[in-house]
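A.B. asks: Structure in structure tokens, see below.
The values are calculated or read from the model by the stated rules, or taken from the named source; none is laboratory data. Computed from a predicted structure; not experimentally measured. Here the Cβ is made from the backbone with ideal geometry for all residues, glycine too, and neighbour counts use every protein chain on show. Please note that ligands, DNA and RNA were not included when accessible areas were found on the heavy atoms of the full protein model with its side chains. Shrake-Rupley method; radii C 1.70, N 1.55, O 1.52, S 1.80 Å.
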There are 2 protein chains.
Amino acid sequence: MTSTLYTIDTPAAVIDLPRAMKNIARMQDRMNALGVAFRPHVKTSKCEQVVRAQLDAGAQGITVSTLKEAERFFASGITDILYAVGMAPHRLPQALALRRRGCALTIITDSVGSAMEIAGFGRSHGERLPVLVEVDTDGHRSGLDPYGDELLKVASVLHEGGMELKGVMTHAGSSYELNTPEALSALAEQERAGCVAAAERLRAAGLPCPVVSVGSTPTALSARELRGVTEVRAGVYVFFDLVMHNVGVCAMHDIALGVLTTVIGHQREKGWAIVDAGWMAMSRDAGTAKQQRDYKYGQVCGVDGAPMAGYLLGGANQEHGIVVREGDADTDIVARFPIGTRLRILPNHACATGAQFEKYQALSADGSLREWSRFHGW
Amino acid sequence: MTSTLYTIDTPAAVIDLPRAMKNIARMQDRMNALGVAFRPHVKTSKCEQVVRAQLDAGAQGITVSTLKEAERFFASGITDILYAVGMAPHRLPQALALRRRGCALTIITDSVGSAMEIAGFGRSHGERLPVLVEVDTDGHRSGLDPYGDELLKVASVLHEGGMELKGVMTHAGSSYELNTPEALSALAEQERAGCVAAAERLRAAGLPCPVVSVGSTPTALSARELRGVTEVRAGVYVFFDLVMHNVGVCAMHDIALGVLTTVIGHQREKGWAIVDAGWMAMSRDAGTAKQQRDYKYGQVCGVDGAPMAGYLLGGANQEHGIVVREGDADTDIVARFPIGTRLRILPNHACATGAQFEKYQALSADGSLREWSRFHGW
């Protein structure tokens with residue numbers, strides 16, 4: 001029997017393939033037009049088939065958030081990998097082992113202390129480790145001031161310590177907090193300008209800086225030009241989600257990840273339908289709660305993926321979700337969604353929701369499904 | 001080389017075994033004193049060794065939130081299993097298959113429609129399925145009014161349909177919203193009284209009702225007496241967490257699950273230490289945000305598990321956490337937590353945090369570690 005959305009077990013993480021392929025093409029086309037290489041962040045999908053589609057579309061290498069991702073994707077034949085989380089010294093042996101097996105792994109740092117650990121480790125093992133220096137262009141997390149002294153110090157420690165100083169990278173993660181094209185374009189320019197300035201300071205100091213790497217999904221989709229940038233990184237664009245919809249970089253019908261769920265009960269007086277997608281399926285991400293439109297735990301859609309206006313996953317326990325109508329209780333909820341009814345819930349945050357599942361159900365335009373495995377953990 | 005908290009990779013989910021064993025003994029002793037059977041909910045740990053310790057302490061059977069849990073624990077030799085989520089009709093074949101392999105699986109329902117599906121399926125397969133009817137004693141989620149007509153209808157459909165009507169069950173999940181012993185004891189009594197009343201109504205109608213099953217961690221630890229109850233279910237007590245600490249049913253030093261993390265960077269001016277436990281490790285659960293004490297993404301402890309007053313995991317991205325001091329920024333953060341420093345973070349919600357990991361590191365009193373695998377997914 002062929003699997004369909006009506007026969008598979010629930011909850012299930014469904015990838016709407018036509019939407020995902022459109023998202024992949026949209027980003028790659030944009031990067032091609034802007035004249036930069038694109039290095040997708042695979043932390044969103046952690047799925048070989050999804051990443052293969054990104055590479056087939058023209059991506060050059062991948063970005064990972066854990067060395068486990070590096071291990072898995074290297075095992076699947078991908079060699080050009082950027083590990084974009086500040087290098088913890090205790091992970092250097094694992095990074096070295098990957099490189100010795102043929103993985104062109106690049107690591108990052110944003111401190112003199114860490115740079116010294118990297119250089120010391122690399123020298124003592126006869127390995128010229130490729131390193132990017134992380135700069136902070138929006139104050140949201142890690143990275144060095146592109147205009148500060150420490151940037152040059154860190155770069156010098158790496159270069160003089162015999163490592164391969166590849167350049168600079170930044171991630172304007174505060175773009176998730178914006179919601180107008182003007183603000184997004186301005187932040188994209190700030191991200192570009194800060195990272196390019198850091199690169200120019202390195203070059204002015206006689207240091208190599210071939211790579212200038214920037215990106216987040218919102219800024220990648222909002223940059224007007226990327227002069228001086230060599231590559232862009234983005235992750236969640238492949239699926240999009242309700243947070244990205246609120247940010248304004250995708251339409252609701254671009255969201256390619258949904259959780260298929262089954263109605264298992266009701267509270268008629270309250271207008272509740274109880275479904276088998278709780279927070280274990282959706283994740284606890286409430287990313288839209290602080291945005292202009294709060295979708296609670298997700299937007300309810302029919303099995304066909306069409307949003308049902310006003311119906312949200314209003315609450316979630318571990319394996320129970322509560323479907324509600326906003327505003328007034330739907331007293332016809334039992335007739336509307338009888339036990340056994342299947343729904344698709346669009347998530348707040350695709351990276352978090354996907355991570356709750358061991359596999360995706362990849363849905364083709366003809367309604368057929370294929371199981372695509374994904375991994376989790378470290 | 002023996003693994004220690006200083007040598008294993010991070011992030012890691014550490015179970016403090018002396019604490020967990022004390023939590024297990026505390027609950028079992030309480031249930032023994034109250035004269036009821038105890039059926040732990042294994043959705044918290046999804047770990048064979050943890051559940052074995054619960055059974056060794058005196059638990060009688062287990063509660064599961066998914067049929068995958070039933071499959072896994074049945075494979076490990078446990079036969080007495082209650083699947084405590086309303087039965088979706090499409091899952092009946094899987095439940096039947098488990099029973100045919102020797103699993104004494106009990107299922108639940110809270111609607112006439114679902115009860116008819118169960119009875120029809122059972123009859124057509126010649127299987128007298130054991131079923132509990134779920135009642136709602138606090139309005140927080142699923143279940144029938146213990147005083148309403150539907151309760152008797154559902155029970156009759158099952159009994160007259162040839163199924164094994166085992167009794168009634170309830171879960172006062174709204175106990176998570178309380179924080180005084182008085183309110184908790186009152187809710188425990190409400191949970192007991194409502195469920196016992198439902199049982200008495202069934203019996204008065206000539207229906208069998210041998211099982212009266214109640215429970216949640218806060219009510220189980222707060223009930224003054226459990227007259228008429230035959231068994232109690234609870235899950236999170238095995239590890240406890242910051243939400244339970246705010247509810248008032250455990251001390252901070254009872255929390256047995258922590259996430260071991262490594263400092264990977266800083267933002268000195270802001271007083272931030274960046275660690276490698278982001279929301280992928282902690283989960284996105286912000287359960288304490290609406291309680292009297294908001295721990296953000298978790299309470300920071302030393303490697304020894306001792307809380308560091310005022311230090312919280314203030315923010316989290318996928319693989320980055322931001323350790324902050326509440327109130328004023330800690331301008332000595334770089335010296336206090338140098339790169340490579342290891343910390344343990346107590347989580348808001350142990351069920352959600354544990355689910356982010358493929359394995360636990362079970363820490364004995366002597367500092368030695370054992371890997372205990374856990375599963376996820378459906």
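A.B. asks: Being within 21 Å of A:P89 (Cβ to Cβ), facing chain A (nearest Cβ under 10 Å) and in a loop (DSSP other than H, G, I, E, B) is the filter here, so list the residues in the stretch B:278-316 that pass it.
C.D. replies: Listed by number, the list holds a single entry, B:G278.
A.B. asks: Here's a check for you: in the stretch A:255-269, which residue that is within 8 Å of chain B (Cβ to nearest Cβ) and open to solvent by 10 Å² or more (accessible area, probe 1.4 Å) is farthest from the chain's Cα centre (by Cα)?
C.D. replies: Step by step, filter the stretch A:255-269, then rank; the result is A:Q267.
A.B. asks: Can you tell me which residue among B:R39, B:R19 is under 13 Å from the mean Cα position of the chain (by Cα), away from chain A (no Cβ under 14 Å) and among the basic types (K, R)?
C.D. replies: Matching residue, one of B:R39, B:R19: B:R39.
A.B. asks: Now for a different question. Out of curiosity, is A:A234 within 14 Å of another protein chain (Cβ to nearest Cβ), open to solvent by less than 10 Å² (accessible area, probe 1.4 Å), out of contact with any Leu (no Cβ under 7 Å at 6 or more places or on another chain) and under 30 Å from A:H159 (Cβ atoms)?
C.D. replies: So A:A234 fits the description; yes.
A.B. asks: Return a yes/no flag: does the stretch A:360-368 have any residue that is within 14 Å of chain B (Cβ to nearest Cβ), open to solvent by less than 40 Å² (accessible area, probe 1.4 Å) and in contact with a helix residue (DSSP H, G or I) (Cβ under 8 Å, 6 or more places away or on another chain).
C.D. replies: Yes, the stretch A:360-368 contains at least one residue that is within 14 Å of chain B (Cβ to nearest Cβ), open to solvent by less than 40 Å² (accessible area, probe 1.4 Å) and in contact with a helix residue (DSSP H, G or I) (Cβ under 8 Å, 6 or more places away or on another chain).
A.B. asks: Same structure again: Starting from the stretch A:355-378, keep only residues that are among the small types (G, A, S) and part of a strand (DSSP E or B), then list their pairs with residues that are open to solvent by less than 10 Å² (accessible area, probe 1.4 Å) and modelled with pLDDT of 95 or more whose Cβ atoms are within a distance under 9 Å, requiring at least 6 positions of separation or different chains.
C.D. replies: From residues that are among the small types (G, A, S) and part of a strand (DSSP E or B), the pairs are A:A362/A:V14; A:A362/A:I15; A:A362/A:A20; A:A362/A:C47; A:A362/A:V50; A:S373/A:C47; A:S373/A:Y360.
A.B. asks: Take the stretch B:90-114 and flag every residue that is part of a helix (DSSP H, G or I), at the interface with another protein chain (Cβ under 10 Å from one of its Cβ atoms) and either among the small types (G, A, S) or under 20 Å from B:H171 (Cβ atoms) (or both).
C.D. replies: The answer is B:R91, B:G113, B:S114.
A.B. asks: For a quick check of your reading of the model, give me the residue pairs whose first member lies in the stretch A:262-277 and is more than 14 Å from A:A335 (Cβ to Cβ), whose second is basic (K, R), with beta-carbon atoms closer than 6 Å and at least 6 apart or on different chains.
C.D. replies: Qualifying pairs under 6 Å: A:T262/A:R342.
A.B. asks: If you don't mind, there's one more thing I want to ask. Regarding the stretch A:32-48, can at least one residue be identified that is modelled with pLDDT of 95 or more, open to solvent by 10 Å² or more (accessible area, probe 1.4 Å) and in contact with a Cys (Cβ under 8 Å, 6 or more places away or on another chain)?
C.D. replies: Within the stretch A:32-48, one or more residues are modelled with pLDDT of 95 or more, open to solvent by 10 Å² or more (accessible area, probe 1.4 Å) and in contact with a Cys (Cβ under 8 Å, 6 or more places away or on another chain).
A.B. asks: Another question, if that's okay. List every residue pair whose Cβ atoms sit under 9 Å apart, with the two residues 6 or more apart in sequence or on different chains, where the first one lies in the stretch A:57-72 and is within 13 Å of chain B (Cβ to nearest Cβ) and assigned to a loop (DSSP other than H, G, I, E, B) and the second, anywhere, is open to solvent by 10 Å² or more (accessible area, probe 1.4 Å) and at pLDDT below 95.
C.D. replies: none
A.B. asks: Continuing with the same structure: Kindly establish whether B:Q54 is open to solvent by 20 Å² or more (accessible area, probe 1.4 Å), under 17 Å from the mean Cα position of the chain (by Cα), within 24 Å of B:A188 (Cα to Cα) and modelled with pLDDT of 95 or more.
C.D. replies: For B:Q54, the condition - open to solvent by 20 Å² or more (accessible area, probe 1.4 Å), under 17 Å from the mean Cα position of the chain (by Cα), within 24 Å of B:A188 (Cα to Cα) and modelled with pLDDT of 95 or more - is not met.
A.B. asks: Now a separate question. Evaluate the stretch A:275-289: report whether one residue or more is among the hydroxyl-bearing types (S, T, Y) and surrounded by fewer than 16 Cβ atoms within 10 Å (Cβ to Cβ).
C.D. replies: no
A.B. asks: A follow-up question, please. In the stretch B:172-211, which residues are touching a Ser or Thr at 6+ places or on another chain (Cβ under 6 Å) and surrounded by 24 or more Cβ atoms within 10 Å (Cβ to Cβ)?
C.D. replies: B:A172, B:S175, B:A188, B:E191, B:C195
A.B. asks: Which of the residues spanning the stretch A:20-38 are touching a residue at least 24 places away in the same chain (Cβ under 8 Å) and out of contact with any Leu (no Cβ under 9 Å at 6 or more places or on another chain)?
C.D. replies: A:M21, A:K22, A:N23, A:I24, A:A25, A:Q28, A:N32, A:A37, A:F38
A.B. asks: I need the full set of residues from the stretch B:329-351 which are in a loop (DSSP other than H, G, I, E, B), within 14 Å of chain A (Cβ to nearest Cβ) and closer than 18 Å to A:G139 by Cα, in order please.
C.D. replies: B:A329
A.B. asks: How about the stretch A:317-328: which of its residues are open to solvent by 50 Å² or more (accessible area, probe 1.4 Å), touching a residue at least 40 places away in the same chain (Cβ under 8 Å) and in a loop (DSSP other than H, G, I, E, B)?
C.D. replies: Listed by number, the list holds a single entry, A:D328.
A.B. asks: Only one of (1) open to solvent by 20 Å² or more (accessible area, probe 1.4 Å); (2) acidic (D, E); (3) within 14 Å of chain A (Cβ to nearest Cβ) is not met by B:E127, so which one is it?
C.D. replies: (3)
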